[in-house]
Every structure is written in structure tokens, then in C-alpha cells.
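Below: the structure, in C-alpha cells.
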Amino acid sequence: MGTQFTGIWIALLLSFPVVLSARDDGLMRIGLKKKKLDHLGRRVVPGSVNFIPKEEGGGASKPAATKKYYNIGETEADIVALKNYLDAQYYGEITIGTPPQTFTVIFDTGSSNLWVPSSKCYFSLACYFHSKYKSSASTTYVKNGTSAAIQYGTGSISGFFSQDSVEVGDLVVKNQGFIEATKEPGVTFLASKFDGILGLGFQEISVGNAVPVWYNMVNQGLVKEKVFSFWLNRNVEGEEGGEIVFGGVDPNHYKGEHTYVPVTHKGYWQFDMGDLLIGTETTGLCAGGCKAIADSGTSLLAGPTTVITQINNAIGASGIVSEECKTVVAQYGKIILEMLVAQAQPRKVCSQISFCTFDGTQGVSMNIESVVEENSDKSSDGLHDAMCTACEMMVVWMENRLRLNDTEDQILDYVNNLCDRLPSPNGESAVECSSLSSMPSISFEIGGKLFELSPEQYVLKVGEGVSAQCISGFTALDVPPPHGPLWILGDVFMGRYHTVFDYGNLTVGFADAA
């Protein structure tokens with residue numbers, strides 16, 4: 001990680017909140033704005049004859065000026081405003097307890113537990129910079145005490161379960177189990193703009209099998225429609241950072257129709273994704289389909305190193321040179337290419353030249369699987385494993401170029417160049433801010449439709465003028481089979497496409513954000 005990324009690259013990975021910078025109290029507290037729409041989806045101005053205050057469901061009352069409501073037909077939904085920090089953290093306000101104690105949280109579709117710092121957190125510096133829950137101050141607190149720990153992609157917390165009322169917008173969830181975090185080691189949560197995390201994934205991945213907040217909203221009849229939806233404003237200067245709607249969809253923040261795809265695995269909001277294109281050219285790996293999740297808790301867009309490297313090459317992003325990759329190209333590139341031209345089985349190529357001890361179908365000695373094999377466990381033996389991975393990536397890249405009828409020299413030059421584009425160990429890559437106009441679009445095929453990201457949409461620009469830094473919105477993350485390869489469509493994607501999480505029909509929908 002280069003020093004220019006300090007504070008930007010603290011956390012970027014799977015399903016897990018991205019944390020970037022030190023706390024700024026001036027940006028922490030958000031009014032819980034509500035919006036009312038009539039049956040045609042038009043906004044109704046507060047104070048007009050159509051504005052009818054709603055009865056409080058418990059907890060502290062809020063100023064009438066902040067209480068607006070959202071309706072689709074006869075269905076009322078709850079809208080919670082989000083704050084946008086650098087297009088990398090979207091967080092909103094909740095309260096816990098009676099009287100209410102206020103916390104800011106990431107609404108994270110990639111995890112399923114609610115946790116906030118505990119007043120009993122004594123030895124983690126992060127707790128001293130964030131709001132802490134004090135059970136003795138709440139008349140609705142119920143003791144549990146069961147220990148709990150969560151390991152995120154870029155941080156961890158531990159503590160114990162408690163139970164209390166949780167208010168999200170104007171919805172009061174009673175008897176909600178949550179974790180009081182007593183340990184938040186490292187800098188991940190120390191640097192966060194938010195206090196805790198409210199998971200919106202499925203109960204199947206909930207630590208302690210705790211019932212998620214969303215499930216209780218549904219079970220307690222707080223929402224009439226089993227749907228929640230996200231709009232993430234990618235204009236960091238915008239007055240509104242975004243919003244999450246519980247129980248409906250806000251038509252003011254999308255255009256056209258949503259494309260819905262079924263949830264294929266309950267845990268994360270996972271679905272099948274088709275091909276991935278750089279400009280109009282396929283990347284090869286997902287031509288037969290890939291797995292993907294929509295994850296509001298990940299800032300960037302994460303995918304297998306093989307494809308991320310191709311994207312980084314196409315957009316001119318610079319990462320760390322992989323010596324293993326370049327060694328394989330120099331010594332075995334022509335041999336691998338000749339084997340592929342001779343129609344050797346791609347999965348067996350790397351084992352046949354002794355880079356891998358798994359041939360794509362069965363273990364040769366140590367049962368190390370190929371990255372293109374979907375149903376094996378992986379173990380590592382250091383350098384040998386790194387060379388195996390480099391070889392297997394090369395096979396994918398070469399196959400793709402052979403389909404385009406490139407010559408041998410063109411293919412070897414292309415693959416050697418990709419080695420230079422391999423991302424750093426933390427996955428990040430930088431681009432020249434002046435080159436955006438020449439970069440290709442990147443498209444994802446979902447539900448038979450292409451969802452395109454332009455360079456302005458997949459590059460994060462931090463700072464202004466000569467000191468500005470431009471960061472590739474694509475980060476490498478290799479999830480091994482059987483759960484992977486897996487694409488994590490984080491805020492880079494969800495900012496471009498309004499996203500609906502339909503719990504009732506078990507589908508995810510995407511439409512152009514507005």
C-alpha cells in the first residue's frame with residue numbers, strides 16, 4: 001500500500017464494511033428524514049393537506065419537520081437518510097433502548113448481525129471514538145450475555161449478546177438481539193465514520209443464529225412489503241448521501257424498470273451473473289456464468305485476480321509486479337500456449353508441467369485444486385502454490401486471446417503485460433486521472449441485460465487539482481470453490497444501479513439510478 005492511499009485503503013474486502021478515515025463529529029449525526037409520496041409516486045410537501053403525522057411506535061419523538069412518509073398505493077414504507085463519505089462509506093442513524101441511544105451504522109447486505117460498541121469496552125481505542133451502548137440506561141434492556149465474535153474481511157469485533165428495542169427510521173423493532181462489542185482490535189473500526197453495523201443478509205450467516213433486524217421488521221408486521229431498497233448518491237457534494245427504504249421502493253431514485261434475478265444461495269444476497277466485458281470484449285472467465293453478490297458494505301467492486309488483472313491492464317491501472325507470473329511467462333509461456341493450441345485440457349495443463357498438484361479432476365499428490373475448478377478444497381504450500389496460481393491465470397488469459405486469433409507473439413506480450421498489472425497484496429491499483437476519457441467501459445451481464453460502468457463511475461477520485469488521486473474501483477479477491485469464484489458488487493456498482501432486495505420473492509433487482 002502506497003502512502004498516497006493511507007486512510008483510503010484501510011478496508012475494502014468481501015461483504016464487509018469499508019472504513020477509510022478518522023471520525024469527524026461534524027459529519028456524524030444525520031436527521032432521519034422521511035419522504036411522503038402519493039399513490040402516483042409524487043412527492044408531497046410536508047405541511048400540505050396530504051401530510052398526516054404518524055403515531056410514534058415508541059422511543060423518543062422526533063421534530064415534526066423531519067417526519068415525512070413514503071407510500072406506494074396503500075403501502076407505507078420507511079426511508080432512512082444516508083450520509084456519503086468519499087463515495088466509500090454510506091451510513092445512517094438508528095437508536096437502541098428506552099430512552100433512545102443514538103448510533104450511526106453501515107446498513108450491510110453482506111452480513112447479518114447488528115452490533116454497536118459497548119460501554120463495557122475498556123481496552124479498544126476504537127470504542128473511545130464512537131458512541132457506546134449503556135444497558136443500565138435503558139428500561140427495555142434484557143440481559144443475554146452469550147459471547148459472540150465476528151471476523152470481517154478487514155476487521156473483527158467480539159463481545160456478547162444483549163436484547164433491546166431498536167428504532168430504524170420510524171420503525172421500532174422490539175426485543176431485538178444485538179452484540180455489544182467489547183473488543184474492536186486494530187485500526188479498521190478506529191478510523192470508521194460509523195459506530196457499528198446493521199446486517200441485512202440472511203439469517204443463515206448470522207453469528208449465533210441471531211434473528212436479523214430485517215427479519216424482525218417483517219415478523220412484527222412493521223413493513224407491508226417484504227422489500228428494502230438502496231439509492232447511493234455518487235455525488236459526494238450532494239445534499240443527500242443516499243437512502244435505504246424499508247418496505248418499498250422510491251421511484252424518484254431510479255429510471256426505467258428493474259431487472260430481477262433470483263437469489264441462488266441464502267446467506268449473502270447471491271445470484272448468477274453472466275459474462276463480463278471490457279469494452280465489447282469478453283474476459284473469458286465468466287463466459288459460462290459466475291456467482292455474484294450485491295453488497296452495500298463493500299466500497300469497491302471485487303472479483304477474481306485473473307479478471308481484475310485484465311481490467312487493470314485495459315484501464316492502465318498500476319499494481320505490484322508478480323515475479324512468479326513473469327517467471328512462468330519467460331520459462332513456460334510458449335509450452336503452455338503450444339499445449340492449448342494442441343487442444344490440451346486447460347484444467348490439466350498446469351499439473352502436466354508440474355506447477356500444480358491437482359489436475360482439475362483429481363489430486364495428484366496434495367489435492368491442491370485448480371482455480372478454474374469449482375468443487376475442491378485448497379491447501380497451500382507456499383511458493384509452489386503461488387507458481388500454480390500464476391500458471392492457471394495464464395491459461396485463462398491465453399485461452400481468451402486464442403479465441404481472438406492472436407498470434408503467439410501477441411499472446412505472450414499480452415500475458416507478460418498482465419503480469420505487470422497484477423494488483424498489490426491488498427488489491428488496490430491506481431490510474432492516471434487524466435486518462436479517464438480513454439478508458440473502456442466495463443459491463444456485467446445480469447438477467448440477460450448488460451449493466452455498464454463508465455470510467456467516471458468505476459474510478460474513485462480523491463482530492464482536487466495536482467494532488468488528486470484516482471483509484472481503480474476494481475479490487476482483487478479470490479474466493480475458493482465451492483463458494484467461489486465470487487464477484488462482490490459493492491458501492492461502485494450499487495451507486496450506478498438502484499438496487500432492490502426482495503425478501504418476499506427472493507430476488508435482487510437493478511435499475512438505472514436517478
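The values are calculated or read from the model by the stated rules, or taken from the named source; none is laboratory data. Since the structure is predicted, the reported quantities are computational estimates derived from the model, not experimental observations. Glycine also receives a Cβ, built like all others from the backbone with ideal geometry; neighbour counts cover every protein chain displayed. Surface areas here come from the heavy atoms of the whole protein model, side chains and all, with no ligands, DNA or RNA. Shrake-Rupley method; radii C 1.70, N 1.55, O 1.52, S 1.80 Å.
Computed values, structure above
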| quantity | calculated |
| --- | --- |
| Within-12-Å neighbourhood charge of Cys286 [Cβ basis; K, R +1; D, E -1] | -2 |
| Inverse mean reciprocal Cα-Cα distance (Kirkwood Rh) of segment 241-297, Å | 14.1 Å |
| Three-way shape label, segment 139-199, alpha-carbon gyration tensor, a/c 1.5 | oblate |
| Rg/Rg_ref, segment 88-209, where Rg_ref = 2.2 N^0.38 Å and atoms are Cα | 0.95 |
| Local electrostatic count, Gly303, Cβ distance below 11 Å [Lys/Arg +1, Asp/Glu -1] | 0 |
| Cα centroid separation - segment 442-459 against segment 91-125, whole Å | 33 Å |
| Solvent-accessible area per residue, Å², over segment 131-243 with all protein chains present [probe radius 1.4 Å] | 39 Å² |
| Descending semi-axes in whole angstrom, ellipsoid equivalent of segment 192-304, from the Cα gyration tensor | 27, 20, 16 |
| Label-point gap, in nm, between Ala287 and Val341 - each point 7 angstrom along Cα→Cβ | 1.8 nm |
| Share of alpha-carbon pairs per 10 Å distance bin for segment 145-245, given as whole % | 13, 38, 36, 13, 0 |
| Ranked by how many other beta carbons lie within 10 Å on average, peptides 141-148, 196-203, 85-92, 455-462 from highest | 196-203, 85-92, 455-462, 141-148 |
| Environment charge at Pro262 (Cβ cut-off 14 Å; Lys +1, Arg +1, Asp -1, Glu -1) | 0 |
| Average accessible area per residue (Å²) across segment 263-346 - probe 1.4 Å, nucleic acids and ligands excluded | 36 Å² |
| Residue-by-residue Karplus 3J(HN,Hα) for segment 395-410, coefficients 6.51, -1.76, 1.60, Hz, glycine and proline x | 4, 4, 5, 5, 4, 5, 6, 5, 5, 8, 6, 5, 7, 4, 4, 5 |
